[in-house]
Structures are given as C-alpha cells and as structure tokens.
1. Taking H as built 1.01 Å from N, whose amide H comes closer than 5 Å to the amide H of MET78, not counting residues under 5 places away?
2. So, counting K/R as plus one and D/E as minus one, what does the shell of residues with Cβ under 9 Å around HIS149 add up to?
3. In sequence order, what are the phi-derived ³J(HN,Hα) couplings for region 45-54 according to the Karplus relation 6.51 cos²θ - 1.76 cosθ + 1.60 with θ = phi - 60°, rounded to whole Hz, with x for glycine and proline?
4. With r as the distance between the Cβ atoms of THR132 and ALA25 and R0 = 25 Å, compute the FRET efficiency 1/(1 + (r/R0)^6) and round to 0.05.
5. What Kirkwood Rh does region 45-177 have if only Cα atoms enter the pairwise 1/r average? Answer in Å.
6. For the ranges 168-180, 112-124, 47-59, what's the packing order if you count other beta-carbon atoms within 10 Å of each residue, average per peptide, and put the highest first?
7. Please work out the Cα center distance from region 86-143 to region 11-41, rounded to the nearest Å.
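Each reported figure results from applying straightforward, stated rules to the coordinates on display, with no laboratory input. Keep in mind it's a predicted model, so treat the numbers as computed, not measured. Cβ sites come from the backbone with ideal geometry, for glycine too, and all protein chains shown count toward neighbours.
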Amino acid sequence: MTTTPSDLPVLVAGGGIGGLAAALALVRQGFRVKVLEQAAELGEIGAGMQLGPNAFHAFDALGVGEQARKRAVYTDFMVMHDAIDEYQVGKIPTGEAFRQRFGNPYAVIHRADAHTSLLEGVQASGQIEFVTSTRVARVEQDANGVTVHDQHGNAHRVRALIGADGVKSVVRQQFVGDEARVTGHVVYRAVVDKADQHLGRPQLPPGALPAARRRAVQRGRDLPQPRNRRVGRDRGQPGRSAELLSRLVPESAPADRPAQKLEALGHGRP
Ligand SMILES: Cc1cc2nc3c(=O)[nH]c(=O)nc-3n(C[C@H](O)[C@H](O)[C@H](O)COP(=O)(O)OP(=O)(O)OC[C@H]3O[C@@H](n4cnc5c(N)ncnc54)[C@H](O)[C@@H]3O)c2cc1C
C-alpha cells in the first residue's frame, strides 16, 4: 500500500503556546498531527500574561475555553505605571461593562496555566503525537510534502510543517533567514501570591525596584542595540527605555530619586 500525502500528518515544530494551539486547531479540522518539542518535558516557564477577550474567543474555538477561564484571574481595571517613578500613566476599566461589550472578559493568567489548558485539550483529543527531547534541525520541501530532520538523525515525512519553534526559530531561519531582532527593551516580570497582596497592591521587598532597575540597566547595556536609534522624548522609540534607564540610573548610584532626574530631561510629571 502506498502512502499519499493526505495520509501523512502535519508536523508542528515546538510545543509552546503557539505550537499546541496550532496542533489543536489542525486536529479540529481533521488533520493528523505530530508535535516535535526539543525540551524533555512539555511545560511553560514564565510569569503572567494578559488575556484580552479575543484570547478567550480563541480558547473557545480550540475547545479549551472553560479550562482557561477557571485558571484566569479577572480584574476590574488594567492599570499601568511608569517603571521608573511609578507614575500612573493609564487606567482602563475592564469590569462588567467591558465584558458585556466584548462578549468575554479581560483577565490575567500564569503562562503555565495557559499552556496547561491547551495541553489538556491536546491530551483529550487523543489524536496528537508528541515527540519530546527532539529538536528540529533541518527541513526539506518537495512537490509532495516535507521531510523534517531532527537532531537525532531521524527523518519525519509529513504533509506540511508549521514552525512554532519560538523567537529563535530554526524553521524561520531556514526559510526567511533573518536574525531575531533585539529592541533593547528589557522586561522584569514577577508573580505575586494573592495572600501577599494588601489593599489591592503588592508589597515588594524594600529595595526590590531599585535593584531591578540596576539589573535592567546592566542587561540593557549588554544587549545589542538597534541602529539609528533616536533617544529623546519619543517614548515609543525602540531602544529608548534602556538608554534612558542607563542615563537615569547609573549602576553606582542608588535609584532613589528618578522623578527629579526625569524632570531634568524634560520628562517630569505634572
Ligand atoms: C515579556 C513578555 C510578555 C508577554 N506578555 C504577553 C501577554 O500578556 N499576553 C499574550 O498573549 N502574549 C504575551 N507575550 C507573548 C507570548 O508569550 C508569546 O507570543 C508566546 O508565548 C509565544 O509562544 P510560541 O509557542 O510561539 O513560542 P515559545 O513559547 O517560545 O515556544 C517555542 C517552543 O518551541 C520549542 N523549540 C524551540 N526550538 C525548537 C526546535 N528547533 N525544535 C523543536 N522545538 C523547538 C521550545 O522549547 C518551546 O517549547 C509576552 C511575551 C513576552 C516576552
């Protein structure tokens, strides 16, 4: 019996949030799916993520809306503060009126919980083959399908390939050939246990923010910066934050009065 391309599975490179979502979507469309994941175990590291109403629509379409809803944390506001002087730069109501308008809530969720919700859907489908500890190394494409070579020397003959192998994608590298671009922005994230929240605001250990700022500055300096960066009043300019931080918070000086330094640069608050 000969194997025709339509008998072959679709291969998804990477078992992160993108890869699992793609695998679930494909199975729901009747495709056979194989996921190759380089890590020994499927799992997500990281901190919190925001889920807009559209994310819940997407979870519903993949059949895992309820799993995600039960793990999410719902807030009545989205509040943004300046990382340097804590000035409140925005507050968006995300309460009942917002939920009614968009048909789903705004929520936050731990990245691992979003991943687990998708993983449960994948496991419940019973139709997705997972191969862990297997890194996609190289891809060959011809008129009838794709051959995916892994790092162990195995060749996987598949109908199509979806590259969901992250920001340093081997698949993208082979077909597009561009480098991952570093913007110069550095993000420090943390998850605060509900039990440690007081009056709706997490109590950080004394000195945590200045220490994080100093580390951010150090990391910002270590990172390759984009070319033609313009440093100044344009807050949206790539590279601006790391540059501004490195001006404001010299490593040797405690970052205890950033607001005054901001004023000196013309970024003072009313
Ligand atoms: C600081 C930060 C905050 C964010 N906040 C939000 C948010 O609030 N809301 C939101 O929706 N999104 C947010 N995002 C974006 C979101 O996290 C990412 O878009 C998403 O996690 C990307 O998932 P992915 O599956 O494409 O990639 P990844 O999560 O990187 O997964 C890639 C997977 O592929 C595997 N892999 C890599 N190379 C290979 C290979 N060659 N062969 C086999 N396997 C391989 C990896 O081990 C990994 O498991 C944020 C991102 C960052 C950096």
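1. Residues meeting the criterion, in which the H sits 1.01 Å from N, are ILE92, THR94.
2. Working: positive: ARG138; negative: GLU140, ASP150.
Cβ neighbours under 9 Å give a net charge of -1.
3. 9, x, 10, x, 10, 8, 10, x, x, 5
4. Efficiency computed from Cβ-Cβ geometry: 0.75.
5. On the way: mean 1/r = 0.0553 Å⁻¹.
For region 45-177, inverting the mean 1/r across all distinct Cα pairs yields 18.1 Å.
6. Numbers: 168-180: 12.6, 112-124: 20.2, 47-59: 17.1.
So the order, starting with the most tightly packed, is 112-124, 47-59, 168-180.
7. About 13 Å separates the Cα centre of region 86-143 from the one of region 11-41.
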